[in-house]
Structure formats: C-alpha cells, structure tokens
C-alpha cells in the first residue's frame, strides 16, 4: 500500500514538472504566431480594397469570406483598422454598414 502512495505522488510531481516546462516554452511561440497571423489578416483586408469587384467598399461579410473567420473576429479586425485610421465605417448598423479605404 505504501508503494502505491509513493508511485502516485511521484506521478503527480512528474506531471506538474512536465506541464510547467511545456507551458513556458510553448506560450511565447503561440503568442508570436498569433500576432503574425493577425498582421497578415489585416494586410489581406487592406488588399481587398484593391479588388475591382468591391467598388472600393467592403463589408463584414466580405472579410468573413476572405479569411474564413467568425462575424465577431471580422468585426474586431475592421474596428482595429478603423482605430488605426486606415479605413472608415459608412453606415451605423446592420447590413448597410460598409467600410471605405482612407
């Protein structure tokens, strides 16, 4: 019975050590990769304005289709570009909202 308890405690210790090492080494890489992907997606959105089919205006749906992201993610990307002063929102709510390159 004592051996079972000792092995159990050693298993917990090994699990904690392995988990902490993986978390420390993998997290910065993940954050850096997500940052790069976000910047690439923002560049793709800006490039979408150059497409003649869009007549210099794009919508949230256009961004969703281009990047394969959710409505909320597309909205966050567009809001960030708007905060940076690269695009401007036209319309206030719903389907009438489009974005124009500045």
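Computed from the coordinates by the stated procedures, all read-outs in this text should not be read as laboratory data. If you're wondering where the values come from, they're calculated on a predicted model, not measured in any experiment. We place every Cβ from the backbone using ideal geometry, glycine too, and count neighbours over all the protein chains shown.
Per residue of the chain, what 222 nm ellipticity follows from adding -39500 (n - 2.57) for every DSSP H run with n ≥ 4, rounded to the nearest 500?
Working: 3 runs with 68 residues, N = 102.
Taking each H run of at least 4 residues, the total per residue is -23500 deg cm²/dmol.
Considering the chain as a Gaussian network with a 10 Å cut-off on Cα pairs, which listed residue, 92, 70, 56, attains the greatest mean-square fluctuation?
Maximum fluctuation in the GNM of the chain, among the listed residues, is at 92.
Relative to the longest principal Cα axis of the chain, at what angle does helix 71-83 sit, 0 to 90 degrees, rounded to 10?
Between helix and principal axis, roughly 70 degrees.
Please give the FRET efficiency for residue 76 paired with residue 17, using the beta carbon to beta carbon distance and R0 = 41 Å, rounded to the nearest 0.05.
Details: r = 37 Å, r/R0 = 0.90.
Given R0 = 41 Å and the Cβ-Cβ separation, E is 0.65.
Multiply the residue gap between residue 36 and residue 66 by 0.36 nm, knock off their C-alpha separation, and tell me the result in nm, one decimal place. Numbers along the way, then the final one.
Working: separation 30, 0.36 × 30 = 10.80 nm, distance 1.72 nm.
Fully extending the segment from residue 36 to residue 66 adds 9.1 nm.
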